[in-house]
Every structure is written in C-alpha cells, then in structure tokens.
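Asks: Handing you a structure now.
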Amino acid sequence: MKRHLTRAVVSGFVVTLLAGCNQQPAAQNGGRTVKSEVSAMALHPQSVAITADLPGRISANLVAEVRPQVGGIIRSRNFKEGSEVRAGDVLYEIDPASFQASYDSAVAALQKAEGAVPNAQARLDRYKGLSAQNAVSQQNADDAQATLVQARADVASAKAALETARINLDYTKIRAPISGRVDASTVTVGALVTAEQTTALTTIRQLDPINVDVTQSSTNLLRFRRAVEEGRLKTSGDNVSVRLTLEDGTQYKESGTLEFAEAAVAETVGTLNVRATFPNPGRVLLPGMYVRATIQEGVAENSFLVPQRAVTRNTKGEPIAFFVSADGKIQQRVLTVQRSIGNSWLVGNGIEEGDRVVVEGIQRVRDGQEVNVALVTVDDASGNLEQASATGASQSAQLSKANGADKGAVTGSTN
C-alpha cells in the first residue's frame, strides 16, 4: 500500500514538471503587449466663420393694394391674374363718359373766364384816363379795378376746376402703383366701384428683391456682443452675408445682405426681429414661405475645430477627447466647447498647434496607453475619414465601413 502511494506521488510530480515546461514558452509569448491601432487627426489653428442659424419668413419688399379713386362701372380689365406688371400699367378702366363731360365743361368755363379779362382790363384803362381828366368819379375807377381782379380770380378758379376734372378723368384708368406680381382680381367687368372703397381690386407684390424676416433671441445677441468685446470674434462691419435654407432642405443659390435689426426686444418672447434682403430673379422665394437663415456674425481667428466624432463626455458630463502625445501615448483632456460648426466643435482651450486627436478607435484606448497611430483627415461636410497617411494605408480599406457605426456612437454621446 505504501509502495503504491509513493509511486503515485512521483508520477504526479513528473506530470506537473512537464506541464510547467510546456507552459513556460506560452507564458513568454503571452507577455508581449500588443498596441491598439487608432486613427488620429492633426489639429491646426484657423479662422472660423461664426454663423447663427435662425428661423424666418419671406415677405414682399413692397406691397400695394389697388383701389379706385373715383366711382363708376368697370369697363375693362387689362392684366392677366398672376402676371408681372410694371409701374404705370393700366390695370382697370372705369367708364369715363361722365368724367369726360365734366372735363369739357371745365374747359368751357375756363375759356369764358379768360374772355372776361381783356374787357375788364380795357374798361379799367379807359376809366383811368377819364379819371385823370375828372371826367368820371373815382368810384367808377375803383369798380373797374375790382372787376378786373374778379375776372382774373375767375380764370384761376376755372383752371383749378379744369385740373380737378382732368385728374378725375385720368383716375378712370386705374394704374399699377409699383412693379411686381399681381394677384387675382376681386371684381369683374361691369362691377360698380366707389372711390376709396375698403375692398381692394387686387394686390401687387414686389418679389425682386425680397425680404426675409428672422427672429433672434436677446441671449444670443448679448453673447455675440460679449465675444466681440473680448476679442474672440471679429465682425465684418455692415457687410453681413446671409444664406438661406428652404423648406425642402435645399440651399438657396443667392446670398443676401443684412438690412437692419429692430431696436426693441419683444417682452413676451425675448426676441428681436432681423431683416435681410435677397435677390429673387427666378421668383423662387414667395411671401409666407418658411426658411432658415444662416447669418455670418463674424470670424473667430486662431481657433481649433475638433471633429464631433472625436468628442465624448465623461461621467461629469464634461466634453473630453483623446490625444496622442509625441511618445505615442494616449492623453485624455477636458475641452471647452463653444458651439458646433458643421460636423465639428469649436473648442476654446485645451488644444495646441499640431496636437493629434483620436477620431477612430476611441472605444479601444485609455489614458496613458501606448498606441500605433495612422494620421487621417476628416471631411467637415460629411464627418467621414479620408486621405489616410502612409502609416495608416493598411487601414484605408476599413475606413468607410467603420465610419457609419463609429460616427453614430460618438455623435450621440455629445448630445
């Protein structure tokens, strides 16, 4: 029994010794540290255009409601509804018969008044000569003078009446006060209209140029002015450029200029109105359309843009990013994010010239870890990686596949 026990112990020792010899090379191979592969982008300061994206509505530059200034029967309508008209075009014609008669009567009255002036003048001249010879009384001379003055006043009155008749006759042709697009007519031929009626016959809107009225919060205005005062933002003066995004998401091809901002803030909502003017040759913009206006407020010089896919948040909710140091180690930094610019964040501090920020492989690294780096660039318009460097060429085939999933995870974490 003792012999069997000793033999078993010896056998177990031999097996253990052989197993240790076999595992020693494996342990030595497993002791090698495999560096993670990451893609990083080198950051450089640049001048960044700071914009404000504001909601707005389109409004016509000029609006004119067409109303008659004399009463009568509409004899003709001389425009096509929805067409373009020019200032001075005859839109409607009112039956001019009665106004023509009044005009002719005023002409005759003027001629009669003018005919009395020479007779009164001759009578005064004759009385003046006789009065010098004491052949007539001074009263007769004074009466002749008064008659001449009255005749001249009658002429002036007749001229005014003639001008009034001419104006009323001209008003029978209702003309376009401005150039623009005319709306539908509210009356038809044969309708009776009256002077200065409340119902407009039609409306004309000038669509080129056209206005865009947007609203901006007073908080953003104060933040903008503070940035200018602190020197973080340089304005472009009065020449402020504005771009439009239409309701369907497309960009309007023409750029506009900022005209003015109201000097008062609405008490109920804390906003103020800002107006911009745009050229509208193709009549794409119509009054009442909803748009989003992108106003260039200024330029932030020597600023850094960090791709949004490179920024996450820590447990405190602070925005962080991973950087690769000169010795190839990961550094985690807390950033000061000011605002979003396209698919990037405008960072106030925490970055220096030439710093390399990790844009792919964030989930596989930690602070202080050594990594292999492939330098890439990020397209700010799409947020995708492109132009891999020579050291990262082996990963270029995998970039497009990784872009979708990695970008979605990182962007969501920045909200």
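The values are calculated or read from the model by the stated rules, or taken from the named source; none is laboratory data. Remember, predicted model here, so these are calculated numbers, not experimental data. FYI the Cβ positions are ideal-geometry reconstructions off the backbone, even for glycines, and counts take in every protein chain you see.
Asks: Here are some conditions: (1) of a type outside the set (Gly, Ala, Ser); (2) at pLDDT 90 or above; (3) farther than 30 Å from residue 217 by Cβ. Residue 18 meets all but one. Which one does it not meet?
Replies: If we test residue 18 against (1) of a type outside the set (Gly, Ala, Ser); (2) at pLDDT 90 or above; (3) farther than 30 Å from residue 217 by Cβ, just (2) comes out false.
Asks: Taking residue 178 as meeting all but one of (1) assigned by TED's automatic domain parsing to the domain that holds residue 91; (2) in a helix (DSSP H, G or I), write down the number of the exception.
Replies: (2)
Asks: For the condition under 28 Å from residue 106 (Cα atoms) and either surrounded by 13 or more Cβ atoms within 10 Å (Cβ to Cβ) or at pLDDT 85 or above (or both), what is the one hit in 161, 141?
Replies: Matching residue, one of 161, 141: 161.
Asks: Would you call residue 186 touching a strand residue (DSSP E or B) at 6+ places or on another chain (Cβ under 7 Å), of a type in the set (Ser, Thr, Tyr) and either without any contact (Cβ under 8 Å) to a residue 40 or more places away in the chain or assigned to a helix (DSSP H, G or I) (or both)?
Replies: So residue 186 fits the description; yes.
Asks: Does residue 72 qualify as being surrounded by 17 or more Cβ atoms within 10 Å (Cβ to Cβ) and on the phi > 0 side of the Ramachandran plot? Please lay out each step first, then the result.
Replies: Working: surrounded by 17 or more Cβ atoms within 10 Å (Cβ to Cβ): yes; on the phi > 0 side of the Ramachandran plot: yes.
Criteria met by residue 72.
Asks: In addition: Assess whether residue 143 counts as being within 30 Å of residue 87 (Cα to Cα) and in a helix (DSSP H, G or I).
Replies: No.
Asks: Could I ask something else about it? Can you list residue pairs whose Cβ atoms sit under 7 Å apart, with the first residue in segment 241-254 being among the hydrophobic types (A, V, I, L, M, F, W, C) and the second being assigned to a loop (DSSP other than H, G, I, E, B)? Count only pairs 6 or more apart in sequence or on different chains.
Replies: Final answer for the pair search is 242/255; 244/252; 246/252.
Asks: Among the strands (runs of 3 or more DSSP E) lying completely within segment 32-98, list those that include at least 1 residues that are among the aromatic types (Phe, Trp, Tyr) and in contact (Cβ under 8 Å) with a residue 24 or more places away in the chain.
Replies: Numbers: elements: 36-42, 46-66, 72-77, 90-94.
So the answer is 90-94.
Asks: Here's another thing I want to ask about it. Looking at segment 37-69, which of its residues are surrounded by fewer than 16 Cβ atoms within 10 Å (Cβ to Cβ) and hydroxyl-bearing (Ser, Thr, Tyr)?
Replies: Within segment 37-69, just 47 meets the criteria.
Asks: Another question, then. What are the pairs, 6+ residues apart or on separate chains, where a residue within segment 291-320 that is part of a loop (DSSP other than H, G, I, E, B) has its Cβ under 7 Å from a residue that is surrounded by fewer than 16 Cβ atoms within 10 Å (Cβ to Cβ)?
Replies: From segment 291-320, the pairs are 311/414; 318/334.
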